[in-house]
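I have placed the structure first, in the form of structure tokens, so that the comments after it can refer back to it.
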Amino acid sequence: MKSIKILFFTLALGAAAMSCSGDKKKGIDYNKFKTEVKLTAEQEKSFNEITAKYQQLQEQNFQAAKAQGGNMDRVALGIKNEELRAQQSIEMATVLDAPQMEKFNKFIDEIPEKDRDMTMHC
């Protein structure tokens, strides 16, 4: 019986370690959006710069929240990330035309809230 418990514990520990290892996709996959709309070379360059900028800012927010120690205030982090997404949308409106912007907003709105977090971590 004891060996079964040890085996079960070892398997559970291994599964937990495997789920946290390797490169994890962080945040929203904007490539899916880019396949749905036709962006000019200049639009794509600006689009990539904006999305990279805000992914980095959200990562910085996450690291700052994590560095506080103890329990991370996920509600406050979520609020900060929503503010960043609003700012990102304002910048994106300077790059995308109206129909593209409408598709962009729809794309973002269709992503479940838990998956919108650009700083998904194990």
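Listed values, structure above:
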quantity: Environment charge at A67 (Cβ cut-off 13 Å; Lys +1, Arg +1, Asp -1, Glu -1); calculated: -1
quantity: Point-to-point label distance, S89-N48, nm (Cα→Cβ direction, 7 Å offset); calculated: 2.6
quantity: Solvent-accessible area of T40 with every protein chain in place, 1.4 Å probe, in Å² to the nearest 10; calculated: 80
quantity: Charge sum, other residues only, whose C-beta stays under 12 Å from A76's C-beta, Lys/Arg counted +1 and Asp/Glu -1; calculated: -1
quantity: Gain upon complete extension [D73, F107; 0.36 nm per residue less C-alpha separation]; calculated: 9.5 nm
quantity: Debye intensity ratio in log₁₀ form over the Cα atoms of segment 41-92, taken at each q of 0.21 Å⁻¹; calculated: -0.74
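The values are calculated or read from the model by the stated rules, or taken from the named source; none is laboratory data. Because the structure is predicted, anything quoted here is derived from the model rather than measured. As a convention, Cβ positions derive from the backbone with ideal geometry for all residues, glycine included, and neighbour counts pool all protein chains shown. Ligands, DNA and RNA are stripped out before the accessible areas are found, and what is left, the full protein with its side chains, is counted by its heavy atoms. Shrake-Rupley method; radii C 1.70, N 1.55, O 1.52, S 1.80 Å.
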